[in-house]
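Student: Okay, handing you the structure first.
The values are calculated or read from the model by the stated rules, or taken from the named source; none is laboratory data. Bear in mind the structure is a predicted one, so any value in this text is a computation, not a measurement. Note: ideal-geometry Cβ built from the backbone for every residue, glycine included; neighbour counts use all protein chains shown.
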Amino acid sequence: MITIYIDNQPHQIREGQNLLAACLSLGFDLPYFCWHPAMHSVGACRQCAVKQFKDENDQRGKIVMACMTPATEGVRISIDDPEARAFRSTVIEWLMVNHPHDCPVCDEGGECHLQDMTVMTGHNYRRFRFKKRTHVNQNLGPFVNHEMNRCIQCYRCVRFYRDYAGGLDFNVFGAHDSVYFGRQTSGILEGEFSGNLVEVCPTGVFTDKTFKKHYTRKWDLATAPSVCIHCSVGCNIIIGARYGRIRRVLNRFNSQINGYFICDRGRYGYEHILSEKRLHGSRIRENGGHKELRTNEEILRHLTPLIDGKRFIGVGSPRATLESNFALQTLVGTENFFHGVPDRDHALVERVISITKMDPTLTPSLDQVKNCDAILILGEDISETAPMLALAVRRAVMDEPRRHLAPKYQLPLWQDQALQEVTQNKPGPLFLATIGKTRLDNLATHRLSAHPEELSHFGFALAHAIDPAAPDAGETSAEMESCVKSIKEALLAARNPLLISGTGLGHAALIEAAANIARALRHQGKNAYLDFVLPHCNSMGLGLLGGRPLSHALEMVSQVDGIIILENEISRSFSSSRTNQFLGAAKTIINLDIMQTPTSDIATLSIPVASYAESEGTLVNQEGRAQRFYRVVPENPNLRESWSWLVEMMALIKNQPERLGKTPHEITTKLAQVNPIFAPLLSLVSWGSETQKIPRESHRASGRTAMTADISVHEPKPADDPGSPLAFSMEGCHGDVPGNLLPRYWSPGWNSVQSLAKFQDEVGGPLRQENPGRRLFESTGNPIKNYFAVSEKIKKNNHGRWQVVPLYHVFGSDELSAAGAAISERIPDPYIAISAKDAAQLNLLENSRIRLIADREQFERPVKIISSLPAGLVGVPMGLPGMPYVEPGTIVDLIAIPDHRDNEK
Amino acid sequence: MAAVITKPLTQHIRPDREPLDIKAYEYAGGYQAARKALAMSPLDVQKVVGDSGLRGRGGAGFPTGMKWSFVPMGPDAPRPKFLLANADEMEPGTFKDRLLLEGVPHLLIEGMLISAYAIQAEIAYVFLRREYYQSARVLLRAIAEAEQANYLGKNILGTPFSLELRLHQSAGRYICGEETGLINSLSGRRSTPRAKPPFPQFVGLLGKPTIVNNVESLCCIPGIMQYGPEWFKSLGLTKDAGTKLYGISGRALRTGLWELPMGTPLREILEDHAGGMQPGYTLRGLLPGGASTDFMLPEHLDTPMDFDAVQEAGSRLGTGTMILLDDHTCPVGFVHNLIQFFARESCGWCTPCREGLPWVEKILQAIETGCGESADLTVLEDHCRLLGPGYTYCPLAPGAMEPLQSALKYFKQDFVRHIEEKKCPWSQA
């Protein structure tokens, strides 16, 4: 700790910061624009000017930019100095010269950093009397609205999009007072992190285009802390709603996971809740038709004869909460509880769980990923399956040279531009071993593109090379041998090497190979990490609950009275023929889901349930971190949470022993009691006070007494939320609450998301009283000594047939987000991908049609030629709307379909 | 021989003929200095230049030898190191480097060879102003000749030293002439200046040690090497060493450019060399060193034109090329013209420069066209203060404010007259 003097008062701070960060951490209101806690200092905006004095006798001092000045021992500054104040006020005056002053019609109004800073500096009288310069806006696609006239040229957008997130289709153009931030030409922003511009922009240049469709001021949004459900990373989000309608998603800071940013799938995926495919009414199949069931009583009346005294099997879901899955498991019994995922995924998740359980210290948080200094990605295309992990990898790789060059050049780590010069933006060690190209390729030190079997073979060989005690993979090609050698050296030269793999390729040997490499590195004394990407937001949670593979349900279905399907679309786990076989054999299908699906269409009884924004529950992310999310809107009696219906069913089945509980809190507690692995959940749901809850509504929420005045002038009682730490109210605990329970970031004078700093002891650091989720696996303290045996040999020749490899898309592969209006605009059309070599052999051009013939499935789609794909593989996009499920690894035939257009000519 | 060389920069320049080719240049004694330097150790060369008291001729007057001394030397120094000749002469009123580039290109090449050797740079660039097509033509021919003669290229003159010299024609923005803006521009980025530290001597072009020197500074080097630091010091009339290219534009009888001893009094330059003012014109003031220096007044005519004396007179020597303000020219229009240039040439990185200069420009235009308001003067004065050094990211805006702040000091009455009379008193209408 060092002492600095601010306006003659001593303050203790941590060494190595700049003055702006230090002042903000100490709670001072010092205005700024171009600085960002994750992107650091560049000194462009000149807003954070303070006066620095040489010593206590220096009366004159000189103006310095706080963000560019190191906070060193004994440094003396004045924030309050009249000259510094006047300059800061003038900076706002300059920034306002061309600003349109259109706050009343600007989406940023009320949560605008520029508004806040303007008020903070005291500038209020306009002296500029000439014309403003104006710009033409661009259509940047479905996510981000562009209004360049509001721009104050802080350069944060371009620094985030290009420098931080590695995007290329966005830049700064022009010079002098006509600087333009946008694309070279109007068009869709291609990067999967573009939505962060909305939060990075200090004013209303970039705003949320989906929010615009149902806009509400920030102070009128009821908000609640939530967790993203669109991949297994488990980023934290804030969901906002008004009049019971979900309006937008913002990033929610979690120091261990997503920090300041989220991906576009997470930000815009919420729109599935508003989609036409959303189920609203229950219906039962009767006499060959459908009958709408309007009330809960009516549903219960029809439910009773369906389940009373009957034997059901249950299909659980990796996208439903622990609580709902647990309720179903309890309802049908563990032996009748099946995981609604492909068998292959089920097995892979179990494998990942067993590896993670054996040595949980291997698994990194996303924050730890950012500090790894050599990374090997084995098989998983993380840019598509876990974008925020890919962003963490990008940061790790870009920051690695900074970390070792900064001390050499005596530069602080916050000197962003200088460090870019020093490192010349050369990435640190990153090795990619995947089937084809990925969006991290431009950072890769070395990349290997090969068949899944070759990739696992390579992995085993690498583990053996690192630790000879690891099993030998056998013969390796000379090319791979040299690859193994160089990667081995890089991983051994690192302090925190990281292995990333996942279930994406559906290939168990890859996971075992990755585990062997990480364990071999640990044996060599490295603080190695091992991270697996899983298929869904709660794959880990479902796996930990236990249950049987779905194919076993196929065998059982004809022997029972029916199936209860929890938030699951069967055709995403089974081929079309098996789906038909399974659902066809069921005497009764009770389907609980958010969205209309082919399964809900044929269900005997289809009951719509609450979405994540409308429920409270627990998800376990890929690292085994359990996180709680909370409902944003009060329970809708027609859209109850799945567990609530399942508990209702338990009561209807007479021989069920006891009710699980009436609130999510009670269900979670029950789960923690009956299943020891979930015991840590108790700490996650404990909240001291039923009376002093955290209000979901801001203290400025308007219309409370008017909203329902057309029905009654008596203000209704706020909805209850028993067990939850949050209240549907404007009143309650506005003060210091645990960081992870903050429903919004707001502090007096700080209305924008920048107010987050007010909830951290040190800007950029953890939130005060943060509970960043609970890791469920406790370290045993015994590092794992044993290795997986090499499980398969490379089988090269498929004799003129093709092996299916799954391909993923940020926009499209995730079931729920794909139903959102904005994201659906970004989903590629269905296709079948083959290598350039195979295309030539089959005499196929891009977009010619091709038929894929598997044992249980055949379909025709346009061809996409991927030159980086190894020959002999056929890429099938997973989960894309309009694509059937084909099991990875299946050997299929491909037949070129003659081009009809040619024939017509 | 040393005693007779009084114009080391321009001695070989004749306005009526093509520049000396390499043969003629060598015949006139060219490249002897380079031969001499290559036989010395690099640090000794640095010392000679340091001892000579040479101060940078680009405007800031930073001692060249000291600048070089920061470059990491020895076997562990990062490689490659770069030497950049700043030939992006875009300061309004300044045309001194052009004379050297077009008149004696081999002098620059020789100076660059010696300088590159002194800092052990293996790659050098001439960063040339876009509009200097003639200079480019002359330079390219000279570079080819020097390569042919092994003054450039591998193992120069049989020594282990190698130097590659390339010409880069700028994209044509004033800010590209700022040391770090130039480096960014050369590496293909936006020509936004960089914050210092790190200084280019450590982290310059492509992250490597880099020295940026002005063309005139580099052209002083061969003479210093050949005749020694004492000779160079003896050239100056005051404590600043060497000769200086002084220029005059405006309503003088003979505008032009002269190589004179450093510290030549302003009156001598104006009256003896430029022949005084044109008949009917009276001098009201002058910018001593390009558009980004403060006005000097007729009362300052006895100032010796060196770095310190001009500073004492409240201005800067700058590039030493003067612009005269006469009594037939409106000082407001004069300053407006300059500010228009600087506002347009702001890179747009930092707020005060990007937003402040166009505002100043608009106000000056309003005043000049009779639309000024008395409150405008307050805004102008605020800008003179708040666009000063330390407030902005680089020296562009502070430089731009120098003619304005001194105009407001010396010619305030003219500003007031514009506002009160609601027209420009000099305008014919």
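Student: Filter segment A:175-194 down to the residues that are closer than 18 Å to A:GLY266 by Cβ and of a type in the set (D, E, K, R), then identify the one that is farthest from the other protein chains (Cβ to nearest Cβ).
Tutor: In this case the residue turns out to be A:GLU192.
Student: Of all the residues that make up segment B:16-71, how many are of a type in the set (A, V, I, L, M) and part of a helix (DSSP H, G or I)?
Tutor: Final tally of qualifying residues: 11.
Student: Count, please, the residues in segment B:200-223 that happen to be among the hydrophobic types (A, V, I, L, M, F, W, C), facing chain A (nearest Cβ under 10 Å) and out of contact with any strand residue (DSSP E or B) (no Cβ under 6 Å at 6 or more places or on another chain).
Tutor: 3
Student: Do we find that A:PHE128 is modelled with pLDDT of 95 or more, surrounded by 21 or more Cβ atoms within 10 Å (Cβ to Cβ) and within 14 Å of chain B (Cβ to nearest Cβ) in this structure?
Tutor: No; evaluated as a whole, the condition is false for this residue.
Student: Additional query: Does segment A:567-600 hold any residues that are more than 15 Å from A:ALA819 (Cβ to Cβ) and charged (D, E, K, R), and which are they?
Tutor: Scanning segment A:567-600 gives A:ARG578, A:LYS587.
Student: Related question: With respect to the numbered conditions (1) in contact with a strand residue (DSSP E or B) (Cβ under 9 Å, 6 or more places away or on another chain); (2) on the phi > 0 side of the Ramachandran plot, which one is the sole condition not fulfilled by B:GLY228?
Tutor: Among (1) in contact with a strand residue (DSSP E or B) (Cβ under 9 Å, 6 or more places away or on another chain); (2) on the phi > 0 side of the Ramachandran plot, the lone unmet condition for B:GLY228 is (1).
Student: Still on this structure, I have one more. Tell me which residues, restricted to segment B:161-188, are at the interface with another protein chain (Cβ under 10 Å from one of its Cβ atoms) and within 19 Å of B:ILE123 (Cβ to Cβ).
Tutor: B:THR180, B:ILE183, B:ASN184, B:SER187
Student: Within the bounds of segment A:48-65, is there any residue that is part of a strand (DSSP E or B), small (Gly, Ala, Ser) and either within 14 Å of chain B (Cβ to nearest Cβ) or touching a residue at least 24 places away in the same chain (Cβ under 8 Å) (or both)?
Tutor: Yes: one or more hits.
Student: I want to confirm something. Restricting to segment A:66-92 and keeping residues that are assigned to a loop (DSSP other than H, G, I, E, B) and among the charged types (D, E, K, R), which single residue is nearest to the other protein chains (Cβ to nearest Cβ)?
Tutor: Residue satisfying both the conditions and the ranking: A:ASP81.
Student: Any residue at all in segment B:213-223 that's crowded, with 21+ Cβ neighbours inside 10 Å, part of a loop (DSSP other than H, G, I, E, B) and over 16 Å from the mean Cα position of the chain (by Cα)?
Tutor: Scanning segment B:213-223 turns up no residue that is crowded, with 21+ Cβ neighbours inside 10 Å, part of a loop (DSSP other than H, G, I, E, B) and over 16 Å from the mean Cα position of the chain (by Cα).
Student: Please name all residue pairs, on different chains or six or more residues apart, with Cβ atoms under 6 Å, provided the first residue is in segment A:840-863 and is not assigned by TED's automatic domain parsing to the domain that holds A:PRO828 and the second residue is at pLDDT below 95 and among the polar types (S, T, N, Q).
Tutor: Listed pairs, sorted by first residue: none to list.
Student: From A:ARG311, A:ARG319, A:ARG252, A:ARG267, grab the single residue that is out of contact with any helix residue (DSSP H, G or I) (no Cβ under 6 Å at 6 or more places or on another chain) and either among the small types (Gly, Ala, Ser) or modelled with pLDDT under 95 (or both).
Tutor: A:ARG311
Student: So A:LEU140 fits all but one of (1) part of a helix (DSSP H, G or I); (2) away from every other protein chain (no Cβ under 14 Å); (3) aliphatic (A, V, I, L, M); what number is the exception?
Tutor: (1)
Student: What about A:GLN524, is it out of contact with any helix residue (DSSP H, G or I) (no Cβ under 9 Å at 6 or more places or on another chain) and either farther than 21 Å from A:PRO806 by Cβ or surrounded by fewer than 20 Cβ atoms within 10 Å (Cβ to Cβ) (or both)?
Tutor: So A:GLN524 does not fit the description; no.
Student: Looking at A:SER558, is it out of contact with any strand residue (DSSP E or B) (no Cβ under 6 Å at 6 or more places or on another chain), over 29 Å from A:SER354 (Cα atoms), among the polar types (S, T, N, Q) and modelled with pLDDT of 95 or more?
Tutor: No, not satisfied.
Student: Out of all the residues in segment B:100-118, which are surrounded by 24 or more Cβ atoms within 10 Å (Cβ to Cβ) and either of a type in the set (D, E, K, R) or under 24 Å from B:GLY181 (Cβ atoms) (or both)?
Tutor: Listed by number, the residues that qualify are B:LEU100, B:LEU101, B:LEU108, B:GLU110, B:GLY111, B:MET112, B:SER115, B:ALA116.
Student: Hey, another quick one. Across segment B:164-184, what is the number of residues that are buried (at least 24 other Cβ atoms within 10 Å of the Cβ) and among the hydrophobic types (A, V, I, L, M, F, W, C)?
Tutor: 4
Student: Next question. Does B:ILE175 satisfy the condition of being under 19 Å from B:GLY59 (Cβ atoms), outside the structural domain of B:PRO395 (by TED's automatic domain parsing), within 20 Å of the chain's Cα centre (by Cα) and assigned to a strand (DSSP E or B)?
Tutor: Criteria not met by B:ILE175.
Student: Further question on the same structure: Applying the selection to segment A:333-344, what residues are touching a helix residue (DSSP H, G or I) at 6+ places or on another chain (Cβ under 9 Å) and either assigned to a loop (DSSP other than H, G, I, E, B) or surrounded by fewer than 24 Cβ atoms within 10 Å (Cβ to Cβ) (or both)?
Tutor: A:THR334, A:ASN336, A:GLY340, A:VAL341, A:PRO342, A:ASP343, A:ARG344
Student: Looking only at segment A:234-243, filter to residues that are touching a strand residue (DSSP E or B) at 6+ places or on another chain (Cβ under 7 Å) and touching a residue at least 60 places away in the same chain (Cβ under 8 Å); which one of those is farthest from A:HIS536 (Cα to Cα)?
Tutor: So the residue we want is A:ALA241.
Student: On the basis of being at pLDDT 95 or above, surrounded by fewer than 20 Cβ atoms within 10 Å (Cβ to Cβ) and farther than 22 Å from A:PRO387 by Cα, does A:LEU492 make the cut?
Tutor: yes
Student: Among B:MET322, B:MET305, which is among the hydrophobic types (A, V, I, L, M, F, W, C), touching a helix residue (DSSP H, G or I) at 6+ places or on another chain (Cβ under 7 Å) and within 21 Å of B:THR238 (Cα to Cα)?
Tutor: B:MET305
Student: Restricting attention to segment A:793-825, and to residues there that are of a type in the set (D, E, K, R) and closer than 23 Å to A:TYR885 by Cβ, which single residue is modelled with the lowest pLDDT?
Tutor: Only one residue tops the list, namely A:ARG801.
Student: Out of B:GLU299, B:GLU355, B:GLU381, B:GLU312, report the one residue that is among the charged types (D, E, K, R) and closer than 21 Å to B:ILE419 by Cβ.
Tutor: It is B:GLU381.
Student: In this structure, does A:GLY259 turn out to be at pLDDT below 95 and either under 30 Å from A:MET650 (Cα atoms) or surrounded by 15 or more Cβ atoms within 10 Å (Cβ to Cβ) (or both)?
Tutor: So A:GLY259 fails the test.
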